[in-house]
Amino acid sequence: MIRVLIVDDSALVRTILTRVLDSDPEIEVIGTAPDPFVARDKIKQLNPDVITLDIEMPRMDGITFLQNLMRLRPMPVVMVSTLTQHGADATLKALALGAVDYVGKPQADIGEKLGEYAEELITKVKSAASSRPRTLRTQAAPKIERFAASGSRRLVVMGASTGGTQAVREVLEVLPASAPPIVIAQHIPASFSKPFAERLDRYSAMTVCEAENGMRIQPGHAYIAPGDRHLGVGKSGLEWVCQVHDGKRVNRHRPSVDVLFLTAARSVGKSAIGVLLTGMGDDGARGLKALHDAGAETLVQDEATSVVWGMPGAAVRLGASDHIVALGDMAQALLTAAGGDAPA
């Protein structure tokens, strides 16, 4: 049984979350808490496997509590957040502090969408229970100061899900401004992708932006898939361009990593470098295999540094990966794959 503690100041939300989680035979809600002070005592008494944590609470906000928790007693935490611009900023901060994942806050009128919400919540709590909580870094990783391309144009396509917002940041923040272009599909809601891109842009020497349809792909730039839209790579003359479009969910996701990788296999072929980072499920595995079969070099994050080794593990089992790389070595590995004169 996965033992869950629910921390939320709303009695209604506590009731909905308890009802949903207790409906699964593998999950038991062992307690609830209306604020972090009560939660602190219940963690000591009950020793839960997973915590669901509200962000806005009286006496102490969820971000402050999470920061203390991950410093003193790291454990899997799923944030319960409003899926708004304000909620996005707080949730991205929580993920950077070590939260495993997040779900939207259930509304009183959730009605017919309760089944869909329940499936998402249960899946993410189960995934969190088997995840590896990250310890906070005390100092930034050293930056790679230069990259001299070997002459051939290369394009990096990168996919991630659970744990990916921080993993993508840890790769981008050490890359130089001269790095090959990177196109990124991160599973993320519509209201989160622009703040995510802006946050990455602040930490990276590369220029990071939310992708737009028809946008020309340039060296030194990283393009983030808009939330709830697919992102692919196409050609316009001799140039690669972003293809942003609506469409059916693929592997239950939009944006889907498979959509990005499959279009890159067709449009970029052996000039592509495929990178698959931490994530739940198997989205991106078949697309990475298509890239591999098209002659592209492919890299997956290793199990030890992944929050969830679902997507990378699925790619390895398909024979889609040329290299299995620790997250801290991924930036150097993709530059090496690009054939540049990058210092070790």
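Within the range 240-247, can one find any residue that is within 20 Å of Gln301 (Cα to Cα), touching a Lys or Arg at 6+ places or on another chain (Cβ under 7 Å), outside any strand (DSSP E or B) and at pLDDT 95 or above? So far as the range 240-247 goes, no, none of its residues is within 20 Å of Gln301 (Cα to Cα), touching a Lys or Arg at 6+ places or on another chain (Cβ under 7 Å), outside any strand (DSSP E or B) and at pLDDT 95 or above. The residues of the range 2-57 that are touching a helix residue (DSSP H, G or I) at 6+ places or on another chain (Cβ under 6 Å) and at pLDDT below 95 amount to a single one, Ile55. Listed by position, the helices (runs of 4 or more DSSP H) enclosed by the range 1-120 that each have at least 2 residues that are closer than 29 Å to Lys194 by Cβ and not hydroxyl-bearing (Ser, Thr, Tyr) are 11-22, 62-72, 85-97. Hey, could you check the range 267-281 for residues that are of a type in the set (A, V, I, L, M) and within 12 Å of the chain's Cα centre (by Cα) and say which is nearest to Leu121 (Cα to Cα)? Among them, the one singled out is Met280. Being more than 23 Å from Ser321 (Cα to Cα), out of contact with any helix residue (DSSP H, G or I) (no Cβ under 6 Å at 6 or more places or on another chain) and not in a loop (DSSP other than H, G, I, E, B) holds for only one residue in Lys194, Lys235, and it is Lys194.
Is it the case, given these coordinates, that Ala264 is part of a helix (DSSP H, G or I), among the aliphatic types (A, V, I, L, M), more than 19 Å from the chain's Cα centre (by Cα) and under 18 Å from His187 (Cβ atoms)? Give the derivation first.
Working: part of a helix (DSSP H, G or I): yes; among the aliphatic types (A, V, I, L, M): yes; more than 19 Å from the chain's Cα centre (by Cα): yes; under 18 Å from His187 (Cβ atoms): yes.
Here the answer is yes, as Ala264 does meet what is asked.
Of the numbered criteria (1) under 30 Å from Arg132 (Cβ atoms); (2) modelled with pLDDT of 95 or more, the one Gly214 fails is (1). Scanning the range 101-111 for residues that are under 22 Å from Pro25 (Cα atoms) and loosely packed, with under 11 Cβ neighbours inside 10 Å gives no hits. Taking first residues from the range 9-28 that are in the same structural domain as Pro58 (by TED's automatic domain parsing) and partners that are of a type in the set (Lys, Arg) and buried (at least 19 other Cβ atoms within 10 Å of the Cβ), the Cβ contacts under 9 Å between residues at least 6 apart in sequence or on separate chains come to Ser10/Lys105; Val13/Lys105. Got a number for residues in the range 282-308 being within 22 Å of the chain's Cα centre (by Cα) and either among the β-branched types (Val, Ile, Thr) or surrounded by 24 or more Cβ atoms within 10 Å (Cβ to Cβ) (or both)? Qualifying residue count for the region: 14.
The values are calculated or read from the model by the stated rules, or taken from the named source; none is laboratory data. All of these numbers come straight from a predicted model, not from anything done at the bench. We place every Cβ from the backbone using ideal geometry, glycine too, and count neighbours over all the protein chains shown.
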